[in-house]
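Participant: Let me begin by handing over the structure; questions about it come next.
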Amino acid sequence: MSRLGSLGARLYRGEVGYDFVAKRMIWYGLSILITITAIVGLSVRGLHMGIEFSGGAVFTTPKTSISADEARDKAEESAEGHTAIAQKLGNGGLRIQISDLDTEAAQPVQKALAKELGVESSKINTQLVGPSWGEEIAKKAWQGLAIFMLLVVIYLAIAFEWRMALAALIALVHDLTITVGVYALVGFEVTPGTVIGLLTILGYSLYDTVVVFDGLREGAKGLTKQTRYTYSEIANRSLNGTLVRSINTTVVALLPVAALLFIGGGFLGAGMLNDISLALFVGLAAGAYSSIFIATPLVADLKERDPQMKALATRVRAKRAAAAARAESSGKAAPADDADDEDPEDVDPRDAVDEEAEREEAAAGVVGQRGTEPARPQSSTRNQPGRNRGRGRPSGKRR
């Protein structure tokens, strides 16, 4: 078994782990700092909306030797102050995009480009997008996003509980804010591909969060019937149990997206890939972060406010304090979980399974994590009639 696989198995069994939930204030502070940076970038620079949302004109030229920078300068000169974006196409042609350009203003630009390229105006394909159509598309996109969020909250509230639904919604808003803020800071154009990327990362972030929540729901069954773990400790064990899976899924998802963003958009110059690849790259990374550092600690925070969980935490602390006092009076170290002092009715069934596994490890000579000593191997002839029970004892005599 590989080291990562062995680590994942130990995390799943609770043998090792990192206390994410106990350090939740650190993650909250880091997320607030990142979110404030994204909001400031969005407020100062704003989003660069594509012509699909703001309206404008797109000019596609045949194969030419003119560079994209020269074509952009010529288009901005003809468009009288409008900003142009020029991209080199794979067939050697150019795609020039100018926002907020109406039909009357588009004709001089088309003629100027044709003169610069030395071709007829009819050979330059011109597509016009009206601002009203772009506003309708933007409105539909926001409506779709709101409906998606509402359905997510309803599903999680039914499948799990309202605290998990609220935590998942906060994590989704967290991912959206960071992704949109990065778009504003980088200055990439917002296109329908960007909207598709945003919806994709929301689904991915939700999937990762639901996996952790499902393990938490199973681990918290019958939690109030025992006094060994608090809800926060069970949440942290569930989170560690799915940690390697979340990391593997995120890395595998980010590799092809990184190829689109850095190789396709950066080295190969396929600028049209940037709008969707940047949203996917930032959103996937933010989704993995929020499912681990935000959603689960937030659920634990909300759940610990419940009166039953407060009472459970009080009982757990009282029992551990009593065990520590008894150990101090006897001069011995206190057991980690004080499992021997629990009443049979006070033990969760899953804990009994854990204790059985520890006894099997002790029988094999392995020192358990809770301070158990290796058990002595027992003779296979024990309690068997007709066999000697000790060395040198006459077989014909019995005591």
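Participant: Over 15 Å from Ala295 (Cα atoms), open to solvent by less than 40 Å² (accessible area, probe 1.4 Å) and β-branched (Val, Ile, Thr) - does that describe any residue in the range 208-231? Walk me through it before giving the result.
Facilitator: Restricting attention to the range 208-231, the residues satisfying the condition of being over 15 Å from Ala295 (Cα atoms) are 218-230.
Narrowing further to those that are open to solvent by less than 40 Å² (accessible area, probe 1.4 Å): 219-220, 222-223, 226-230.
Still in the list and also β-branched (Val, Ile, Thr): 227, 230.
Scanning the range 208-231 turns up at least one residue that is over 15 Å from Ala295 (Cα atoms), open to solvent by less than 40 Å² (accessible area, probe 1.4 Å) and β-branched (Val, Ile, Thr).
Participant: For the range 87-119, give me each residue that is under 38 Å from the mean Cα position of the chain (by Cα) and over 18 Å from Met49 (Cβ atoms).
Facilitator: Lys88, Leu89, Gly90
Participant: Sort out which residues of the range 75-114 are open to solvent by 60 Å² or more (accessible area, probe 1.4 Å), in a helix (DSSP H, G or I) and within 9 Å of Ala57 (Cβ to Cβ), and write them in order of number.
Facilitator: Selection gives Thr103 alone.
Participant: Evaluate the range 242-259: report whether one residue or more is more than 20 Å from the chain's Cα centre (by Cα), part of a loop (DSSP other than H, G, I, E, B) and touching a residue at least 12 places away in the same chain (Cβ under 8 Å).
Facilitator: The answer is no; no qualifying residue exists.
Participant: Turning to a different aspect of this structure: With the structure loaded, tell me whether Val180 is part of a helix (DSSP H, G or I), under 19 Å from the mean Cα position of the chain (by Cα) and free of Cβ contacts under 8 Å to residues at least 60 places away in the same chain or whether it fails that test. Quick ask: steps written out before the conclusion?
Facilitator: Working: part of a helix (DSSP H, G or I): yes; under 19 Å from the mean Cα position of the chain (by Cα): yes; free of Cβ contacts under 8 Å to residues at least 60 places away in the same chain: no.
So Val180 does not fit the description; no.
Participant: Working only within the range 289-327, note down all residues that are closer than 30 Å to Thr177 by Cβ and either surrounded by fewer than 14 Cβ atoms within 10 Å (Cβ to Cβ) or of a type in the set (Gly, Ala, Ser) (or both).
Facilitator: Passing the criteria: Ser290, Ser291, Ala295, Ala300, Arg305, Asp306.
Participant: State which residue is nearest to Val186 (Cα to Cα) when the search covers only the range 19-74 and only residues that are assigned to a helix (DSSP H, G or I) and either in contact with a His (Cβ under 8 Å, 6 or more places away or on another chain) or of a type in the set (Asp, Glu) (or both). Give the derivation first.
Facilitator: Our first condition is that a residue be assigned to a helix (DSSP H, G or I); within the range 19-74, this holds for 24-44, 51-54, 68-74.
Okay, now just the ones that are also either in contact with a His (Cβ under 8 Å, 6 or more places away or on another chain) or of a type in the set (Asp, Glu) (or both), so 31, 35, 52, 69-70, 73.
Numbers: Ser31: 19, Thr35: 15, Glu52: 20, Asp69: 20, Glu70: 23, Asp73: 22 Å.
Here the answer is Thr35.
The values are calculated or read from the model by the stated rules, or taken from the named source; none is laboratory data. Note that the coordinates shown come from a computational prediction; the quantities given were computed from them, not determined experimentally. Heads up, the Cβs are rebuilt from the backbone with ideal geometry, glycines too, and the neighbour counts pull from every protein chain shown. Each accessible area value is taken on the protein alone, full model and side chains, heavy atoms only, with ligands, DNA and RNA left out. Shrake-Rupley method; radii C 1.70, N 1.55, O 1.52, S 1.80 Å.
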